[in-house]
Structures are given as structure tokens and as C-alpha cells.
Amino acid sequence: MGSFRIGKRLLLGIIILFPAILFAQQKKISLPILINQAKNYLPLLKQKQAFIDASKAQITDTKHSFLPQLKLSEQLNLGSNNSIGGSYFPFGITPSTSGGVRGDNNFQPATGNVGVLYGEYELVNFGLNSAELNLAKAYSSVAEADLQKEQYLLSLNVARLYFNIQKSMYRLKADEQNVERYQSVFTVIQALTKSGLRPGSDSSLAMAELSKTKMSYNQTLGLINQQKEQLSYLTGIAPANMVFDVPVSNAIGIKPLLMPLLSDTGSNPLIDYYSKRNNLFSANELLIKKSYLPKILLAGSTWARGSSIQYNDKYQSLAEGFGYQRYNYMVGVAATYSLFNELHKKDKLAINRFQQQASEYDLQQQKLALASASLQADNALQTTEANLLEIPVQLQAAEATYQQKLAQYKAGLISLIDLTNASFVLYRSQTDYIETISDGYLAQLDKAAANGSLNQFIATVK
């Protein structure tokens, strides 16, 4: 019987310790790991990468568009051959008739055969090819800058969630300590009320306060679960697998490291994206100017033709028209220019100019917003540094006051109200401390994001 009880206790101990062992074996997640996971997971970034690939394919397509046109055609025809003198515009719906000028119509069918090899090349277009290629490259640069911007914003959002979860975990630890304090107080009061040294109302009031602290703990725990779900949306990591590298055991006592960060505004992706968009409109402006310049074309063609109608208007068998009978070639240089090009160019440039102005205002607005965010972060950091000098004093005094009030209550010198007030002040001191260090981390995060040193800051977070 004794061995059975020992085995039962051993089994119970294993069951109790197994979750703790499993928890310890889980790999803890750091902030850099979370950000790398998000960058490899989020479909939005994959979409941006696809746009980059498309823009690079557009560069290749633009290069290939500079190749000469080389067309080969062959046609076999059967029809009548009646024509009269005169000219008309070939709008593409009237078949061409060669010869066949006579006094009356002849609807006897005739066959014909035409084979043509035609080539055309823009010999001189005054830099149009280069302008088209530069525009394609500008589109690709914008696509790459867009991806960098989204990755930067994703890193910022993940880091903000990470620090908010860290804050909630610190708060949960403070709530846990608060529950333990009220549980201890309730245990003391129960003993005192049972012995008749304290009224029963003290026990009821202590039970109410204990229940309130447990509700606060549950709310904080629920907030952590919500924040983990938000982080799971960005990273694809299941909330159950999120074990953070956060030292919650000594949360009340951690000193946030205020790190000096080098400003790198010039390479800030939040600014670089708008700069690349400006470059795009500049490239488009040059393309518009080049598009309406004259073009000098080099054209060449060779062709062969057969017909069942002979030179003397004599109709032969239809089979005679399927062989080649005459051969020709032609080369030429042509210059083309539309007289209304200047008007069209002016209109296109006006549209592009207003679009570029809007892009410039976007850039100015972004710089203004980042400068304001940097100054706000500086103010928040100054407040954090000032509060960090006061918080230890407040926390130490609140802890000493609580211990003193607990001893006085046990001795019957003060009421339960005085003790719960002291406990509340201690809890508030702990939460103030947590708010202060969390505000410090978030202010540094905002400062780094505004200054373009976000990656540097994230690399220093342990």
C-alpha cells in the first residue's frame, strides 16, 4: 500500500512538472527572430517582391523593343482584277488591285502570289531609347523602395507589438504579486477573524479585494493573448509557440538601456521611397520630351510576286499564279515628325509636372512627419530619464510602507482600509515602474524609426 502511494505521488509529480519541462525545452523567441519570420511569411511582402520581378522583366522588354522590326509574309490570292485610274487613301478595308485598267469589267478569276520580307529600324530617335530604358529602371527602383518601405514598417509594427507584449508580461507579473499579497492578507485576516480579534467584515472586504486583483490578472492575461494573436498574424507563428525572451521574474528592477542611435535619415526607407518616386517623374519628363522629337527610320524590303494574268492582260490557268515571276527590292531612309507634336508634348509635360509636384509634397510631408516623430520621441525619452530617477524612490517607499502597515494591521493598530490603501500604492508604484520602462523602449523605437536607425536598434535588443 505504501509503495502504491509513493508511485502515485511520483506520477503526480511527473504530471505537474511535465509542462514546466516542456516549456523549458521550447526555444525562446527574440525580436530579430520575429522580424525575420515576418519578412519571410507575410504575403504582402511577397506581393511587393513580385512587383519587383515584374519591373525587372519590364526592363528586359524595353531593351528588346529597341530591336529592328523584321516581318515576313506570304499570301496566296484568288479574285477578279478590275481597276480604274485614280488615287484613294488606303484605310485598310479596300483590297489592292494592280493593273486591270480596261474599258469594262472582267470577272474571270485570277490567282496571285506575294512574298515579302520587310525590315524597319529607328536609325536616330535622339535619345528616346535611353529615356525609355531609364524610365523602366526608375519603375524598378520604386518597386524595390516600396518593398524596403513595407519591410521597414513591418519591422516597426512587430517591434512595437513585441514591446507591448513585454509590457503586458511585466504587468502580469505585477498582477501576480498583487494577488499573492492579497492572498496573504486574506489568510492573515481569516486567522484573526476566527480568533475573534477582527470583525468578520474584514474577511469579506479582503475577499472582495482579492477577487478584484484576480480579475485584473485575468484582464492582463487576456490582453497578452490578443497581442500574441496580432503578432501571429504578422509572423505566422502560432500563439501557443510564442515563448518570449523576456526576463519577467525580475521585471520590477529592470533598468532600460537608453542607447545612443546614429541618425541615418538619408537611407531611411520611409523617405527613400518618396525620393524614388520623384526620380520616376523626372525620368518620365525626359521620356516625354524625347518622344515628340523627329525620328529617322531605315527601312528595307525585298519581295517576289506571281500572277496568272500576264503583262498583256492575258489570263492563263490559275496554277500559273502560284509561282514567283517578278522580284524587287527597296531600301530607304525616312524622317517623320508630326506638326502637332509640340502641343501634345506641352500637355503631357503639364500633367507630369503636377504629378511631380504632388510627389514633392508627399516627400515634404513625410520628412515633416518623421522630424515631428523624432522630436516627440526625444521629449518622451527625457520624461523617461527623469522618471527613472524618481521611480526607485517611490517603489522603495511603497514597499516599506506596505510592510509596515501589514505589521501594524496584524498588531491591531490600523484598520483594513489602511492596509489595502498601502497595498494599492505599492501596486501602483510597480505599474508606474513598468509604464516608465516600457515608455522608454517605445520612445527609443520611435526615435530609431524616425532617424532611419531602426535595424541598428533592433540588433541591440536582447
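The values are calculated or read from the model by the stated rules, or taken from the named source; none is laboratory data. Only a predicted model underlies this, so the values are computations on that prediction, with no experimental measurement involved. Heads up, the Cβs are rebuilt from the backbone with ideal geometry, glycines too, and the neighbour counts pull from every protein chain shown.
Observations on the structure shown:
- Yes/no for Ser263 being assigned by TED's automatic domain parsing to the domain that holds Asp446 and either modelled with pLDDT under 65 or in contact with an Asp or Glu (Cβ under 9 Å, 6 or more places away or on another chain) (or both): yes
- Residue among Ala174, Ala208, Ala145 that is touching a residue at least 40 places away in the same chain (Cβ under 8 Å), more than 30 Å from Ala50 (Cα to Cα) and small (Gly, Ala, Ser): Ala174
- Being under 19 Å from Ile29 (Cβ atoms) and either of a type in the set (Phe, Trp, Tyr) or touching a helix residue (DSSP H, G or I) at 6+ places or on another chain (Cβ under 6 Å) (or both) is a property that Leu135 lacks.
- Residue in the range 161-173 that is touching a Lys or Arg at 6+ places or on another chain (Cβ under 8 Å) and either under 30 Å from Tyr433 (Cα atoms) or modelled with pLDDT under 95 (or both) present: yes
- Selection from the range 221-249 of residues that are touching a Lys or Arg at 6+ places or on another chain (Cβ under 7 Å) and modelled with pLDDT of 90 or more: Pro239
- Of all residues in the range 64-81, those satisfying the criterion of being within 19 Å of Glu120 (Cβ to Cβ) and among the aliphatic types (A, V, I, L, M) are Leu67, Leu70, Leu72.
- Residue in the range 117-136 that is β-branched (Val, Ile, Thr), in a strand (DSSP E or B) and surrounded by fewer than 18 Cβ atoms within 10 Å (Cβ to Cβ) present: yes
- Single condition Glu360 does not satisfy, out of (1) in contact (Cβ under 8 Å) with a residue 40 or more places away in the chain; (2) of a type in the set (Asp, Glu); (3) buried (at least 16 other Cβ atoms within 10 Å of the Cβ): (3)
- The range 55-79, residues that are basic (Lys, Arg) and under 19 Å from Leu297 (Cβ atoms): Lys71
- Glu390 vs. criteria more than 23 Å from the chain's Cα centre (by Cα), under 29 Å from Glu209 (Cα atoms), surrounded by fewer than 20 Cβ atoms within 10 Å (Cβ to Cβ) and at pLDDT 90 or above: no
- Matching option when the condition is part of a helix (DSSP H, G or I), closer than 30 Å to Ala191 by Cα and either in contact with a helix residue (DSSP H, G or I) (Cβ under 7 Å, 6 or more places away or on another chain) or free of Cβ contacts under 8 Å to residues at least 24 places away in the same chain (or both), among Leu419, Leu381, Leu370, Leu413: Leu419
- The one condition from (1) at pLDDT 90 or above; (2) within 22 Å of the chain's Cα centre (by Cα); (3) not hydrophobic (A, V, I, L, M, F, W, C) that Gln355 does not meet is (2).
- Here the range 181-220 is the region considered, the condition is being among the hydroxyl-bearing types (Ser, Thr, Tyr) and modelled with pLDDT under 80, and the residue that is surrounded by the fewest Cβ atoms within 10 Å (Cβ to Cβ) is Ser195.
- Within the range 1-59, tally of residues that are at pLDDT 50 or above, of a type outside the set (A, V, I, L, M) and in a helix (DSSP H, G or I): 16
Here is a yes/no grid of residues against (1) farther than 30 Å from Asn455 by Cα; (2) assigned to a helix (DSSP H, G or I):
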| position | (1), (2) |
| --- | --- |
| Lys276 | no, yes |
| Lys289 | yes, yes |
| Thr302 | yes, no |
| Asn312 | yes, no |
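- Flag if Ala304 is of a type outside the set (Phe, Trp, Tyr) and touching a Phe, Trp or Tyr at 6+ places or on another chain (Cβ under 9 Å): yes
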